[in-house]
Structures are given as C-alpha cells and as structure tokens.
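What follows is a set of notes on a single structure, which appears directly below.
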Amino acid sequence: MTTQPAPLAVQQRASLREHNSFGLPAVARTLVRIASDADVRRVVDHPDFGRAPKLVLGGGSNLVLTRDVDAVVLKMEVPGIRLLRETDDAWIVEAGAGETWHTLVQWTIDHGFPGLENLALIPGSVGAAPVQNIGAYGVELKDRFESLDAVDLVTGRSVTLEPWICAFGYRDSVFKHSLAGKSVITRVRFRLPKPWQPVLGYLDLERKIAETGITQPDARTVFDWICAIRRSKLPDPAVIGNAGSFFKNPVVTEEQCRDIIGRDPEIVHYPMPDGSVKLAAGWLIDACGWKGKTVGRAGVYEKQALVLVNRGGATGAEVVTLARAIQESVYGRFGIRLEPEPVIV
Ligand SMILES: Cc1cc2nc3c(=O)[nH]c(=O)nc-3n(C[C@H](O)[C@H](O)[C@H](O)COP(=O)(O)OP(=O)(O)OC[C@H]3O[C@@H](n4cnc5c(N)ncnc54)[C@H](O)[C@@H]3O)c2cc1C
C-alpha cells in the first residue's frame, strides 16, 4: 500500500510580524511550511508556486521587512539533530535547517561534542547560519563546517555543497551572491575537531578568566560564559525588537587606518592576518553621537551603538531611514561607508 504525502502546509495572507526578530509589520501573500527536501520539490512543481518569486525564511533574525512580501515565503522547519559519525579527529554532527541554532549548540554540549560553544545564543535557524557565515567570539561557522544539503529552487534537484563552493567570508557566502534566492539549505553538517581546544582570545573571555580564576575552562564553562556575556550586552528580541549588529565592521587598509588614528587616536581597531585592519563599527557610530538616539519609532540601543532597535510599533521604513542617517554621519566624519548586515526586503 502506498501512503500519500501530507498536503503542503500553505497559509494565504500570513502575518510576518511574529516571524521577524525586529517585530516589523508585513504580510506574506503565501507562506508554505517546509519540513523536508520533498516539500521544496513540491513547491517547485506546484502550478501556482513553481514560477513565483520565493523568499526563504528561517527565524527572521537577520531581516528588515520594509513592505508586504509578494512572494511565496518558504518557512524552514526541517527537523532533526544527530551524530552522523565519529572519527579519530572529529565528531560529525548533522542538523535540519529548521532547528534553532542555539538548540543545536546546547545539544552538542549536552552530548559531549564541543566546538560550537563560542557561537551560543546567536538567534535564528541552523539553515541560515551558513548564509552569512555566522560568527562570534573568535569562531565562525566556516571553522566548524563540513558540508550542507540544498535544493535548487528552479530544478528541484538536491545537491551536497562542500566548503569551497560555499565561498565563506566575513558575514558572507555564495548564498548572498550567485545562489541568493536560488537554493534552499535543508541540512547542515558540522566537523567538531578532536582534541577540543578552547578559543579564548577575546577580551570579554579574558575578563571571565581573570574574574573566576579558571584558566582552563571546559566547553560547558565557555558556553555558560558566552551566554552570560551576550545576555548582559545584547537586547533580547523577545523584549526589544532588533536584528543584532546592524552594520558589518568595516575593513580598511593599514594606510587608511593610520590616517584615521591621526585624527581619532582612540579608534577601536583590530589588525587582521592579511595586513588589513578591522574597525569597530559600533565605536564609529558611538563617536558620531548616536548611542541611545531615536528617530521615529526606531532607535540606537543604549548599551551598544551597533544595534538598532524597535522602540515600539516601528516600520521597516523607519529602521532604514535611521540606518541611512547613521551611514551618512559616519561617512561625513570618517569617510567610511558602513554596510548593513541584515537582509533588507
Ligand atoms: C540579538 C541578536 C544577536 C545576533 N548576534 C549575531 C552574532 O553574534 N553573529 C552573527 O553572525 N549573527 C548574529 N545575529 C544575526 C542572526 O542571528 C544570524 O544572521 C542568523 O543566522 C539568522 O538566522 P535566521 O534563521 O533568523 O535567518 P533569517 O533572518 O530568517 O534569514 C536571513 C537570510 O538567510 C536566508 N535564509 C534563511 N534560511 C535559509 C535557508 N534554509 N536556506 C537558504 N537561505 C536561507 C534568508 O532568505 C535571508 O536572506 C544576531 C541577531 C540578533 C537578533
């Protein structure tokens, strides 16, 4: 006896307010819940949805919705986390795109497979993590990446992509360029190397070592420290709408940096291995006097100038207006163009 697949879970005129961490108002013409590769293929083959434009949605924590979405929104809900295999030098863990990122990190720590602890508490889904090569506290997704499965939104074909095809960079990957809007990530595999080595070369973590006297923390301790640091610094989107860091840290040449230091000796900067210099975007914004300011119903977070927040009832257009004003004043004072980190729709 053959069993029929369950019908596609389709919702017309779906509110996206609950599906974006900024809490911005927007309505999707059609929202389809995706629980498997087969669901993506059924959308591709669907007489109404197949040729329509698509927007892939994870947790909506890196999105600024400026209008209603006249596209088929694919809400990623592919489940599952498992240890795929263990080798002499790594644990290979696989997770469905719809799993919450932090749930995955917690699961790996609970099961004794360390390596993702510095990325604890980053909001959003597993499937979106490769899109901008998420990173925090000295670790990026690419440092723990094995491969991913994706489905082509035109042909419905499933493919496995290796790291070199993903072209990971600072908050960047092929999914923001040639594959943007063209393929859906359904599963991601991680290589968690053995023996585990903590990554502690970050000022906040060095402070924790000094405070606690624990010089050789285990992975759970690092995980707890990261959660505590993030809770003290970043607004909880469940309380204040936001999308985390709103701008990327700009990277300049050594010469440009020397020039800026000549004018602003205090500027926070980090030399990079390739000789370039990363500037702290939050410092640049703060230096222009934006911290705590409000424009319309959008504002700049009091504790961290890099985070824009919804003060209550803001629209995406108000957030974008504030972001442009910040870009202009940073450019006016430092000659540096800040680039937004979230995807603006
Ligand atoms: C408080 C806060 C703190 C944050 N801190 C960090 C941080 O420390 N480091 C960091 O890197 N980021 C951080 N972010 C940003 C955000 O959490 C990450 O970018 C996260 O990976 C977004 O996941 P999401 O599921 O919410 O993606 P969404 O916002 O739903 O989508 C983001 C983009 O990815 C695409 N996409 C989503 N899922 C898929 C999929 N399965 N296949 C293909 N494309 C897909 C979407 O179309 C969109 O273009 C923070 C955000 C917040 C709100």
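Details
- First in the stretch 54-69 and among the basic types (Lys, Arg), second anywhere and modelled with pLDDT under 95 and more than 10 Å from the ligand (Cβ to nearest atom), Cβ under 9 Å, 6 or more apart: Lys54/Ala71
- Of the strands (runs of 3 or more DSSP E) lying entirely inside the stretch 237-345, those containing at least 2 residues that are in contact (Cβ under 8 Å) with a residue 60 or more places away in the chain and β-branched (Val, Ile, Thr) are 307-310.
- Residue-level check: of (1) within 14 Å of the ligand (Cβ to nearest atom); (2) under 18 Å from the mean Cα position of the chain (by Cα), Ala167 misses just (1).
- Any chance Ala38 is more than 25 Å from the chain's Cα centre (by Cα) and either in contact (Cβ under 8 Å) with a residue 24 or more places away in the chain or within 15 Å of the ligand (Cβ to nearest atom) (or both): yes
- For beta carbons closer than 6 Å, sequence separation of 6+ or different chains, a first residue in the stretch 217-228 that is surrounded by fewer than 19 Cβ atoms within 10 Å (Cβ to Cβ) and a second that is aliphatic (A, V, I, L, M), the qualifying pairs are Arg220/Ile109; Cys227/Ala120; Cys227/Leu121.
- Among the residues of the stretch 203-224, some residue qualifies, meaning at least one is part of a loop (DSSP other than H, G, I, E, B), farther than 23 Å from Gly292 by Cα and among the charged types (D, E, K, R).
- Criterion applied to Gly244, Gly213, Gly201, Gly181 was being exposed (fewer than 15 other Cβ atoms within 10 Å of the Cβ), within 15 Å of the ligand (Cβ to nearest atom) and not charged (D, E, K, R), and the one residue passing it is Gly181.
- Matching residues in the stretch 30-57 - criterion: being in a loop (DSSP other than H, G, I, E, B), small (Gly, Ala, Ser) and either over 14 Å from Gly127 (Cβ atoms) or touching a His at 6+ places or on another chain (Cβ under 9 Å) (or both): Gly50, Ala52
- The set of residues in the stretch 43-78 that are of a type outside the set (A, V, I, L, M, F, W, C) and surrounded by 18 or more Cβ atoms within 10 Å (Cβ to Cβ) comprises Lys54, Gly58, Gly59, Gly60, Ser61, Asn62, Lys75, Glu77.
- Residue within the stretch 16-28 that is more than 17 Å from Arg144 (Cα to Cα), within 12 Å of the ligand (Cβ to nearest atom) and in a strand (DSSP E or B) present: no
- Among the residues of the stretch 119-147, the ones that are more than 9 Å from the ligand (Cβ to nearest atom) and either closer than 15 Å to Ser183 by Cβ or charged (D, E, K, R) (or both) come to 5 in all.
- Of all residues in the stretch 180-198, exactly one satisfies the criterion of being at pLDDT below 95 and among the hydrophobic types (A, V, I, L, M, F, W, C), namely Ala180.
- Scanning the stretch 79-130 for residues that are surrounded by fewer than 17 Cβ atoms within 10 Å (Cβ to Cβ), within 28 Å of Gly201 (Cα to Cα) and small (Gly, Ala, Ser) returns a single hit, Gly112.
The values are calculated or read from the model by the stated rules, or taken from the named source; none is laboratory data. Since we're looking at a predicted model, the values are computed, not measured. So basically every Cβ, Gly included, is an ideal-geometry build from the backbone, and we count neighbours across all protein chains shown.
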